[in-house]
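The block underneath contains the structure these notes are about, expressed in structure tokens.
Rule-based calculations on the coordinates, nothing more; no lab input. Treat the numbers as computed from the prediction; the structure is a model and nothing was measured. Cβ placement follows ideal geometry from the backbone for every residue including glycine, while neighbour counts extend to all protein chains displayed.
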Amino acid sequence: MNQREKSTPQRIALTTGDGLIFVPTADIIYCEAESNYTNVVLTGGKKILVSKVLKEIDEVLSGPDFYRVHSSFLININRIKKLVRGDGGYIVMDNDATVSISRSKRQEFMELFEKF
């Protein structure tokens with residue numbers, strides 16, 4: 001079974017400095033690497049600093065709803081507002097944050113949406 005066939009969990013436990021925060025995965029807009037931590041950006045403007053590297057979060061969330069577009073970003077594809085092809089390519093998320101797409105991931109990412 002490849003990554004795209006695996007289902008995304010409904011909720012995820014995020015490890016913070018003082019315990020665990022349980023959030024619905026649908027509320028996650030994107031995750032951004034920050035050294036040995038990860039910022040998880042949620043709907044409603046909430047940000048949670050998680051004491052795990054992005055790779056660990058990617059392993060839990062990998063599936064049809066989340067995509068690693070860059071070494072520093074894991075996005076919820078259901079939260080994409082706009083895909084801009086120029087300027088090297090970037091994504092505008094629901095919260096108007098812009099996320100760059102790495103050169104090595106650009107072609108594969110664009111192919112995900114060609115069927116629409």
(request) May I ask for the angle, rounded to the nearest 10°, between helix 103-113 and the longest principal axis of the chain, with both axes built from Cα atoms and the value confined to 0 to 90°? (result) 80 degrees
(message) Give the aspartates and glutamates whose C-alpha is closer than 20 Å to that of Lys82, dropping any in the same chain fewer than 8 places away, or say none.
(response) Asp27, Glu32, Asp65, Asp94, Asp96, Glu108, Glu111, Glu114
(request) Could you calculate the FRET efficiency of Val92 with Val23 from 1/(1 + (r/R0)^6), where r is the beta carbon distance between them and R0 is 22 Å, rounded to 0.05? (result) 0.50
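If you wrap a convex hull around the C-alpha atoms of the range 1-68 and split its volume per residue, what is the figure in Å³?
That works out to 79 Å³ per residue.
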(request) Can you tell me the equivalent ellipsoid semi-axes for the range 35-116? Use √(5λ) from the Cα gyration tensor, largest first, whole Å. (result) 21, 15, 12
